[in-house]
Amino acid sequence: MIWALILRETVTRYGRENLGMLWFFAEPLLFIVGITLLWSYIEPRSVPAGTVAAFAVVSYPTVLLWRNTANRVTKAIEVNQALLHHRPIRAQDFFYSRILLEFASATGSFLVIFILFVAVGISHFPANLFDMVMGWLMVAWFAFGFVLTMGGLSEVSEVVEKVSHIILYLMLPFSGGFFPAYIVPEPMRNYLLLFPLADCVEFFRYGYYGDSFPCYYHLGYTIICNLALTLFGLAMMTYAIRKVEAT
């Protein structure tokens, strides 16, 4: 059922003409290329190991995981409520299908551009591939809990839907996707790393750069925060579903 909803959402969003389902990868890929080209004109004083373009390609894709997914999941039940008349479809399927679609899109576009950058010499092979993969999964884990929370709250309160874009914009400077944590002076760096998303991104970045780039993260703390956020998100989704069913 979730797979069927993913296919429906893909066709509805991208259509069958022109590039069609290729926009599944092309849309976020264009975002990444644009940001990379923009950052390439910045003096790379804060990126000692490699080019700004290489830093951008392993930083900005992490933003797509939580920002784009949060935008798509907001009011997911309300806009698809008519489909609940089909008995096999559950309300939570709307959340899971959209989350999986956005995660697959962000991951696919990142892999395509990263492999391309490695092939042309802009980026290099990860210093620790396992840590890089685990870092990406940590970012996705945070995004999962955060998106469930935002999606559940948007179904419960109209205010959350109205301010969701403001929340996402305010998160950008603290996400770790636009600058490395090491350039933030103490004690502000410790405050920044209290936000688990910044730790996840730093861990992902460490997998790429290894010891050639100073990265700061607290893995145990981040796992606990992600777990708590996921449980809270699941609780909010369940509450929102019960509220919708009651009406």
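Structure notes:
- Tallying residues that are open to solvent by 80 Å² or more (accessible area, probe 1.4 Å) and over 30 Å from residue 240 (Cβ atoms) within the stretch 125-150 yields 3.
- Of the set (1) closer than 20 Å to residue 63 by Cβ; (2) aromatic (Phe, Trp, Tyr); (3) over 16 Å from the mean Cα position of the chain (by Cα), all apply to residue 103 but (3).
- The set of residues in the stretch 92-106 being under 19 Å from residue 239 (Cβ atoms) and open to solvent by less than 10 Å² (accessible area, probe 1.4 Å) consists of 93, 94, 95, 99.
The values are calculated or read from the model by the stated rules, or taken from the named source; none is laboratory data. Predicted, not measured: the structure shown is a model, and the values here were computed from it. Quick reminder, even Gly has a Cβ in these numbers, built from the backbone with ideal geometry, and neighbours come from all protein chains shown. Remember, those area values only see protein heavy atoms, side chains included, never the ligands or the DNA or RNA. Shrake-Rupley method; radii C 1.70, N 1.55, O 1.52, S 1.80 Å.
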